[in-house]
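Beneath this line is the structure, given in structure tokens, with notes to follow.
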Amino acid sequence: MSQDRRSPFRDAHLDMDAAEQAPETPQTLNPAYRLAFADEDFLCRDELRPVRLQLELLKFDMLLDQHQIESTIVLFGGARIPAPADKASARTQTLADLSHFYDEARSFAALMTERSKQTDNRDYVICTGGGPGVMEAGNRGAEDAGGVSIGLNIVLPHEQAPNPYVTPDLSFNFHYFAIRKMHFLMRARAICVFPGGFGTLDELFEALTLIQTGRMKRVPFLLFGRAFWEKIVNWDALADAGTISPEDLDLFRFVETAEEAAALIDNWETAPARDGIPGR
């Protein structure tokens, strides 16, 4: 990364190189002699967790600033949802039946990326978790349209390399789920949630909670697949029980197709009422 301004101080890389060339003595070979910022054992100590959190917060934010990315279209969704061509290998019939959402995610990402290209890839940039399934479909759709897209991977025991459609300059890897989720939402112009599992539900409800509590401004919040989401979550029961307010059901809309989602993003403030609750 290039520096934005000149500094009169010696560059840190020069000292790292110089330290590696130091004569081998009992003193220089001792871990205590290592430069603090070049000492992985030191940086990974429990006491340094606040520093590691800050580094993960800063790196992604600085790189998006470097690429002049102002806003994103966030796609959440299941890693296990196959492309329609692969649905025969799906582990359940339900996953096979949900495979058409792979194509909807791909088409929707292509539509948004066409808009993004008109802004020199500064706005409407597709942002996914960088993995397979719906995430792959989102990054793939952006590539189909000849644009760029972001992938926010996280280190997991059983996964995962970034899918091959993430723009390499915008492919990131995280250790902390909390910082990753924060970055998903910091520049979100719209949030689109496709069928998924625990991870998708976690992302869905954290984002809804931030909007519900006024910690985040209201943005278009679209759930693809009404039948899936109404089977997974009894939204009306939450309102009937009083654990959420009836107007909270107006924070999101159900959609089925890429075109329907794009139209709602364009007309979000005048979105149609849901069950008698006026759009906002």
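Bear in mind these aren't lab numbers, they're just calculated from the coordinates by the rules spelled out. This one's a predicted model, so the numbers in the text were calculated from it and none came from an experiment. With ideal geometry, Cβ positions are generated from the backbone for all residues, glycine too; neighbour counts draw on all protein chains shown.
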In whole angstrom, how far apart do the alpha carbon centroids of the stretch 10-27 and the stretch 175-236 sit? 47 Å
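For the stretch 131-279, what mean projected area does the convex hull of the alpha carbons give, in nm²? Let's see the in-between values first.
Working: hull surface 38.9 nm².
Averaged projected area of the stretch 131-279's Cα convex hull equals 9.7 nm².
If we sort 84-94, 225-235, 247-257 on the protection proxy, mean other Cβ atoms within 10 Å, highest first, what's the order? Before the final figure, lay out each step's value.
Working: 84-94: 11.3, 225-235: 14.6, 247-257: 16.9.
Ranked from most to least packed, the peptides come out as 247-257, 225-235, 84-94.
Quick check on the exposure proxy: order Phe42, Phe76 from fewest to most C-beta atoms within 10 angstrom. It would help to have the intermediate numbers written out before the result.
Details: Phe42 16, Phe76 27.
Sorted ascending by nearby Cβ count, the order is Phe42, Phe76.
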Toy charge model, Lys and Arg Cβ at +1, Asp and Glu Cβ at -1: the stretch 1-135 dipole around Cα centroid in debye, rounded to 20, equals 400 debye
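Just tell me, in residue order, which DSSP H segments of the chain are both 18 angstrom or longer along the helix axis (alpha-carbon based) and at least 0.5 in mean Kyte-Doolittle hydropathy. Intermediate values should be presented prior to the final figure.
Details: long enough: 49-66 (26 Å, -0.02); 100-118 (28 Å, -0.89); 198-212 (20 Å, 0.75).
Counting only whole DSSP H runs, the qualifying helices are 198-212.
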